[in-house]
Each structure stands twice: as C-alpha cells, then as structure tokens.
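Everything below concerns the one structure shown next.
All of the numbers you see were taken from the coordinates with simple rules; none came from a lab. Because the structure is a prediction, the values reported are computed rather than measured.
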C-alpha cells in the first residue's frame, strides 16, 4: 500500500530481459532497502530483487512479468528514463495523499498541457472502463502521484491541475501530448462500483422490459 506521495525520482540505468521478466536497474537516493520489499515505480508496485548501496544512495533491480507489461507502459521503458518512486507505507506513517495500491487500472494518453497562472493543467484521455471511477475533486493516481480530479471536461477525459511543487519534484513536469501514463482509480470507488454493479444491471434490465 502507498500514498501517492512521490519522495524520489529515480533513473533507469539498464534494461534487460531475463527469466524473471523485463528487468530494470534503478538508481535512487534510497538507503536501507531490503530484498523483497515493494517500491512503486511510476505507480506500478514492483518487488526489489536485489540492491547495492553506493554513493549516498542505492541501485536496485525490479522485474515486470508479462501480465504487468500488458497492463502498463513498462515495455516501453529504456535506460535513461526518470521514474517516480515511493516506498511502501509503514504503520504509523502520515497518510498525506490517499490509499494507493500500486495496481494500474489502465493507461491514459496526455492530450494537452497548458500553464494557467501558477498551475499546469493536464488533460488525459482515459480508457472507457475508468471514466466511471472519476469524481470531480476526488482522488486519482497518475504515474504514481496522488492527485485531485480538477475537472471532467467531457466524457472520457480527465483534467489534472499540477502545482509548482509537484511539477518540480515528479516526472509530471516532463509530460507532453501523446505521452502515455499509468492511471489508478480510487480504491474506494472501485469497490463501490463492484458492489452496486449487480443492482444497477438488474434495474436496467427491469426498465428495458
């Protein structure tokens, strides 16, 4: 479990294909890592396979299997890419963002980025099944960053408002139209949709008779 508060931007140093899947070697300022711990990389919960501390930080390796590659853009990652990082939430930590699982629900596409006053507005096209999870002023995670739904300008489009701090301390400041981003809906909304789904289907069927 994570909070969506990115506390480091790592650099991918190498990408290889092994029996474990597509492996990424990531440089970070983190120290005190442990094999088997979870780190969210651009919002994808991955497991540390090995690590080595050096130069006031660490290098760690994570791997993405075929199912993860099919649901994310990790298959496009190459050496030199910068990625948002967050270590797993510990009991007693401040929950400054919202509850984030690190389970990407879909891949969105950046449609537009524009500066408006002291904020950057980013419009993102959503997969069809994610549109219903978006609520004005509700929570959403994009590339691992906990954000507020600024607006829903039209069906299938999410608008984000990025403050200067987030623009400077995450990779969202690098996003341009055409970029693909990881989107995770609010876990509470997902459970609500699942629970009410049968009742809505039954109501729709009754109305059609």
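Compute the Rg to Rh ratio over the chain from the alpha carbon atoms, using the Kirkwood formula for Rh, and round to two decimal places. If you can, show how the numbers build up before the last one.
On the way: Rg = 18.1 Å, Rh = 18.0 Å.
Over the Cα atoms of the chain, Rg/Rh equals 1.00.
Looking at the chain as a GNM with Cα springs under 10 Å, which of 160, 126, 174 has the largest mean-square fluctuation? The residue with the greatest mean-square fluctuation here is 174. For the chain, the longest principal axis of the C-alpha atoms and the axis of helix 187-208 are separated by about 30°. The fraction of Cα-Cα pairs per 10 angstrom bin, counted from 0 for region 157-201, comes to 19, 36, 25, 17, 3 percent, rounded to whole percents. Over 5 Å intervals from 0, what percent of Cα-Cα pairs in region 50-132 sits in each interval? Whole-percent P(r) values from 0 Å outward: 3, 8, 13, 17, 20, 19, 12, 6, 1, 0. Mean residue ellipticity at 222 nm, helices only, the chain: -5000 deg cm²/dmol; runs of at least 4 DSSP H residues each add -39,500 (n - 2.57), and the sum is divided by the number of residues.
Along its principal axes, region 106-188 has C-alpha extents of 30, 25, 21 angstrom, given from the largest down. Largest GNM mean-square fluctuation among 27, 176, 154, using the chain with Cα springs under 10 Å: 154. Test of understanding: in a Gaussian network model of the chain with alpha carbons linked when under 10 Å, which of 135, 196, 181 would top the mean-square fluctuation ranking? Fluctuation is largest for 196. A Cα-only calculation for region 37-82 places Rg and Dmax at 11.6, 35 Å. Taken over the Cα atoms of region 8-87, the convex hull encloses 80 Å³ per residue.
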